[in-house]
Structure formats: structure tokens, C-alpha cells
Amino acid sequence: MTYFSANLGFLWTDLSLCDAIRAAKTAGFDTVECHWPFDTSPAEVKAALDETGLRMLGLNTFRGDVADGDNGLSALPGREAEARAAIDQAVRYAADIKAQNVHVMAGFSEGDAAKSTFIQNLGYACDAAQTHGITILIEPLNRHDAPGYFLGTTDQAANIIRQVDAPNLKLMFDCYHVGRTEGDVVTCLETHFPIIGHIQFASVPDRGAPDHGDVDYSAIFAKINALGWTAPLGAEYKPNGNTDASLGWITSLA
């Protein structure tokens, strides 16, 4: 049996976060996750989660000044104070709503100094999250959608996870990003399965619903099940129109 989590960063974006949680429950999702919930009070989100009986799997750290080109802060030398404030904010919010994971966003940078900064900030994040039983995730983004993003491949992420050496640091494995950049999703899953903390998906290359494209998700989900994965998989795709009208894949791929 495959279970699914609705990523409310992309699904039901016409609704408030709390109403999107309710819509996910109505649609039959098992859990939810989000990107940046900080404009909604954690008390409101927790109330919607309690009402629906859904868990929030995770959320992202604040990206910084998006208008000025930021897409995360934790691998940016010289901006450690901002990065750690964003980590504190995300961990606090996750703890308040009993979310399981926090995705620490690296940002646009490169080189040894960026790597060292990222490793140090991840160590800080893992220490802060451990008190609350929260897992820290890092996610490679593909070079087509996020050129210049510090974290670009699963091998690079695995190397950083080894260097940080914290029990609550895991890989966010997004089949869409892996499919766009590394190609062989199945082999990457098998290679990195022991360090994966969450799995997401969308069609390749258009990031739509998983019922079309270059990746056969019936085979991918079967492989994930065969590997022993039992947690919900994150539906982080961009619907072509109304979210509810895009959900036929749930029945065909579950």
C-alpha cells in the first residue's frame, strides 16, 4: 500500500493554508506538508490539523530576500546569523504544530567556503531540532529550475550528511529533481535509501501530476515499496489548473 502526502506549497494554492489542509483531507491524502507557513499562526495550523486528523510532515526554512535573489541562506558565507534565525524560526514552528521534518535550504552559492558554512549551519540545525524529535532534511535541486543552487546532486548531499554525522540529518529525495538532473531515479533510490528521510515526486520534465512524463511512477512506487518504505510520499507537483481535477493519479498509482 502506498500512502501520499499533499504538498500544500503547490496544491490548493488558491486556498488559505488551513483550508488547504481541509481540502487535502477531503481528497483522501494521508498527511500534508508545506513550504513556508510562517504567515499563518501555528495555533491556526495546529487547529486545522487536529480537526482533520492529519499530520504535517514538514516545512522549509525561510528563503531570505527572494526579490534580491535568495533561495535559502544556510550555505551563504557571511550570513550565518540570518541562516540560524531562519533555522530557529522553522524548528520552533515545526515543534508548535508537531511537524516531523524541517528542510534547511542551502541557497545559491558554491565553493569550499559555502560547503563549510552549510555543514556548520546544519550542525546547528540538528542540535536545535534534536530537542523536539525533529529531523533535518537537505534536498538537491536540479540545475534547470535552480541554476547555481549549492546542493545539486544526491551524491553531494550524501557526502555532506556523512560529514555532519548527526543522527537526525537525512536526505529529501525528490524524484522530480533527481529525474531532471541525474536521470536514473531507481538506482539513486537504491544507492541512497539508508539516508533518505522523505520522498517527493512530480512528473518529469514538466513537474505536473505523476500520470505522464519520462518517469514511470507505477514502477518507482513499486520499487519504493520493495525497498521497505512505509511513510507517505510527498505529492509536490504543479497542477495544470484545478487541484481537485488533477488527482486521478491517486487511484491509478496507489
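In the list Thr191, Thr154, Thr230, which residue meets the criterion of being closer than 23 Å to Gln100 by Cα, surrounded by fewer than 17 Cβ atoms within 10 Å (Cβ to Cβ) and hydroxyl-bearing (Ser, Thr, Tyr)?
Being closer than 23 Å to Gln100 by Cα, surrounded by fewer than 17 Cβ atoms within 10 Å (Cβ to Cβ) and hydroxyl-bearing (Ser, Thr, Tyr) holds for just one of Thr191, Thr154, Thr230, which is Thr230.
Of (1) among the hydrophobic types (A, V, I, L, M, F, W, C); (2) surrounded by 22 or more Cβ atoms within 10 Å (Cβ to Cβ); (3) under 20 Å from His35 (Cα atoms), Val185 satisfies all except one. Which?
(3)
Let me confirm something: among Ala157, Ala99, Ala114, which residue is in a helix (DSSP H, G or I) and under 30 Å from Gly208 (Cα atoms)?
Selected residue: Ala157, the only one of Ala157, Ala99, Ala114 that is in a helix (DSSP H, G or I) and under 30 Å from Gly208 (Cα atoms).
Answer yes or no: is there a residue in segment 244-253 that is at pLDDT 95 or above, of a type outside the set (A, V, I, L, M, F, W, C), under 23 Å from Val102 (Cα atoms) and surrounded by 13 or more Cβ atoms within 10 Å (Cβ to Cβ).
No, segment 244-253 contains no residue that is at pLDDT 95 or above, of a type outside the set (A, V, I, L, M, F, W, C), under 23 Å from Val102 (Cα atoms) and surrounded by 13 or more Cβ atoms within 10 Å (Cβ to Cβ).
If you take the residues of segment 164-182 that are hydrophobic (A, V, I, L, M, F, W, C) and touching a helix residue (DSSP H, G or I) at 6+ places or on another chain (Cβ under 8 Å), which of them is surrounded by the most Cβ atoms within 10 Å (Cβ to Cβ)?
Phe173
Can you find, within segment 36-54, the residue that is farthest from the chain's Cα centre (by Cα) among those that are closer than 28 Å to Gly248 by Cβ and surrounded by fewer than 17 Cβ atoms within 10 Å (Cβ to Cβ)?
Filtering segment 36-54 for residues that are closer than 28 Å to Gly248 by Cβ and surrounded by fewer than 17 Cβ atoms within 10 Å (Cβ to Cβ), the one farthest from the chain's Cα centre (by Cα) comes out as Glu51.
What's the number of the condition Leu8 fails, among (1) out of contact with any Cys (no Cβ under 9 Å at 6 or more places or on another chain); (2) at pLDDT 95 or above; (3) of a type outside the set (D, E, K, R)?
Leu8 satisfies all of (1) out of contact with any Cys (no Cβ under 9 Å at 6 or more places or on another chain); (2) at pLDDT 95 or above; (3) of a type outside the set (D, E, K, R) except (1).
The values are calculated or read from the model by the stated rules, or taken from the named source; none is laboratory data. For clarity, every value in this text was computed on a predicted model and none was experimentally measured. Positions of Cβ are generated from backbone atoms using ideal geometry, with glycine treated the same way; all protein chains shown enter the neighbour counts.
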